[in-house]
Amino acid sequence: MRMIKLICIVLLIPYLGISQSIDNLITKSETERIERVLASDEMEGRKTFSPGINKAAAFIAKEFGAAGLKSLKGDDQFLQSFTINRPRFISLSASLDGLAIDNKQVIVVTVQPEIKLTEASGYLVQKIVAGENLNQAAAKLIGLNQNTMVLVDESHAQNFGRLVRFKNNLSANQATIVFVLTNTQPVKYTIEATHQIESMSLANVVAMIPGKTLPNEYVIFSGHYDHLGINTRNMVNGDSIYNGANDDAAGTTAMMMLSKYYKALNNNERTILFAAFTAEEVGGYGAQYFSKQLDPSKVVAMFNIEMIGTESKWGKNSAYITGYEKTNMGAILQKNLDGSDFKFYPDPYTEQNLFYRSDNATLARLGVAAHTISTSKMDSEPNYHKASDHIETLDLDNMNEIIKAIAISAKSIVSGKDTPTRVDTTQLK
C-alpha cells in the first residue's frame, strides 16, 4: 500500500508542478496591475491617433521587453508601424449603356482622389458570377493589383455591400478596382468618383517567442489595445473618458499575461506571436495589416481575446468561442481542460456575426483556425462602449482564472501535439 501511494505521488508531481507554476506566473495582482495601467485616465481612452494610445503602446512594449521577449525584427523595438491610406467618399455617378444606376450598385476601391472610368480607359473587365465565393473572388482580383472593373452578378446583392471593407488599409500603390452589381454586359459605361485620400500612421505592438523545434509554425495570442478616447457629449456622472477596461484592456492584459507565462516556461515548440492591435474600433486596420505580414499556411491557430472582464451568461469559469463550429479548435481546448471546472461554449450570439467582426476575421477568411474568446454578454452588457467601462466593473478574480484556462487549454497546440482543422473558406460569402 505504501508503494502504491508513492507511485501515485510520483505520477502527480508533473501535474502539481504545472498547477503551482501557473498559479505563480498568472497572478491576480499582476493581472490587476496591467489592467489598471491600460484602463487608467492617463491613457485618455486609448483612442486611435491620440497621445493616449501612444502611451499605451509604449507601456505594452516596455512590458514585452522586461519579460525578455523578442521583436519580429530581432531587436528591442516592438512597434509594428505602418501607414494606411483611407479614401473618404465625396461623390459618385455611374451609368451603363446610357442608363444611370444607383450608387449602391458601385463600390470603388482606390487611392486616387479622382477617377473617370469609361470603356476607353484601358481597365480590365472581370466578372464574379453566380455561385462564386464573393469574398475570395474579390480578394483575388484586388491582389492582382491591376486597374479593373468587376461586374458582380446580382445574385450577390445581399453581400455586395460587404465589399466596402476592401477600401480599408490600402497601400500607396494599390490599383483601382471598381465593383459594379449588374447582370448586364455593358458596351458603354461611365463611372466617376471623387474621394479624399487620408494617409495615417498606426502601430501594432508585437512580440514573439521562437519555437524550439517548429519555428516556422505560428500560434498567435492577441487583443486590441485601442478604445474610444474622450467624449464630452456623452458623459456619465461628469466622466468623459471612455477607459475601455473590458473593451479591450481586459483582452490585451490577458495577452500580456500569457506572454509572461510562456516566456517563463520557455518550452514552446511552435513560435508564439503576441499582438496588441491598434484601430479595431475604427475599422480593424491593425489586425488587417498584421495578418498580411504572415503566410496564413504557417499560422496554426489564433487566440484573439476580447472582453473577458465580466462573467459570461453561464457564470464564472466559462467563456465562449466565436465560430466554434468552424474548426475543432474548441474541442482541443476543452480536452486540455478535462478535470477542471472551466468550460468553453459555442458563441451564443451568432446573429451578431462576431466571428467576422473582430480581429480574428482576416486570418479566419484565409482558412486559419482563428477564433475570438470572450465572456461579453452582447445582448445585455451594461458598460459596453460607455464611459462607465471602468476597472471597478470587472471581476478580476474570474478574469485571472480565464487567463489560466486559456494557457492550459492551448498547451497541446503550443507544444505541436495538436493542430486544429482549418476554416472551410469555400463557405465564406
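Return the pairs, sorted by first residue and then second, in which the second residue is part of a helix (DSSP H, G or I) and among the aromatic types (Phe, Trp, Tyr), the first residue lies in the range 261-276 and is at pLDDT 95 or above, the beta carbons are less than 7 Å apart, and the residues are 6+ apart or on different chains. Filtered contacts from the range 261-276: 268/262; 272/262; 275/290.
Number of residues in the range 197-209 that are surrounded by fewer than 16 Cβ atoms within 10 Å (Cβ to Cβ) and modelled with pLDDT of 95 or more equals 0. So if I check each of 198, 280, 217, which one is assigned to a loop (DSSP other than H, G, I, E, B), touching a residue at least 40 places away in the same chain (Cβ under 8 Å), touching a strand residue (DSSP E or B) at 6+ places or on another chain (Cβ under 7 Å) and among the acidic types (Asp, Glu)? After ruling out the rest, the residue left standing is 280.
Would you mind stating whether residue 103 is farther than 30 Å from residue 207 by Cα and among the polar types (S, T, N, Q)? Steps first, answer last, please.
Details: farther than 30 Å from residue 207 by Cα: yes; among the polar types (S, T, N, Q): yes.
When the stated conditions are applied, residue 103 passes them.
Count of the range 40-60 residues, restricted to those that are of a type in the set (Asp, Glu) and farther than 22 Å from residue 283 by Cβ, is 2.
Just one residue in the set 116, 47, 104, 127 is assigned by TED's automatic domain parsing to the domain that holds residue 221 and among the charged types (D, E, K, R); that residue is 47. In the range 258-270, the condition of being closer than 15 Å to residue 377 by Cα, of a type in the set (S, T, N, Q) and either under 13 Å from the mean Cα position of the chain (by Cα) or in a loop (DSSP other than H, G, I, E, B) (or both) is met by no residue. Going by the structure shown, is residue 144 crowded, with 17+ Cβ neighbours inside 10 Å, among the hydrophobic types (A, V, I, L, M, F, W, C) and either more than 20 Å from residue 95 (Cβ to Cβ) or modelled with pLDDT of 95 or more (or both)? It is false that residue 144 is crowded, with 17+ Cβ neighbours inside 10 Å, among the hydrophobic types (A, V, I, L, M, F, W, C) and either more than 20 Å from residue 95 (Cβ to Cβ) or modelled with pLDDT of 95 or more (or both). Of the candidates 93, 81, the single residue that is outside the structural domain of residue 285 (by TED's automatic domain parsing), within 21 Å of the chain's Cα centre (by Cα) and part of a strand (DSSP E or B) is 81. Take residue 359 and decide whether it is in contact with a Ser or Thr (Cβ under 7 Å, 6 or more places away or on another chain) and not aromatic (Phe, Trp, Tyr). Against the criterion (in contact with a Ser or Thr (Cβ under 7 Å, 6 or more places away or on another chain) and not aromatic (Phe, Trp, Tyr)), residue 359 qualifies. If the condition is being farther than 15 Å from residue 94 by Cβ and either over 25 Å from the mean Cα position of the chain (by Cα) or modelled with pLDDT of 95 or more (or both), then the range 112-141 contributes 112, 113, 120, 122, 124, 126, 127, 128, 129, 130, 131, 132.
The values are calculated or read from the model by the stated rules, or taken from the named source; none is laboratory data. Computed from a predicted model, the values in this text were never measured in an experiment. Don't worry about glycine lacking a Cβ; one is built from the backbone with ideal geometry, like all the others, and counts go over all protein chains shown.
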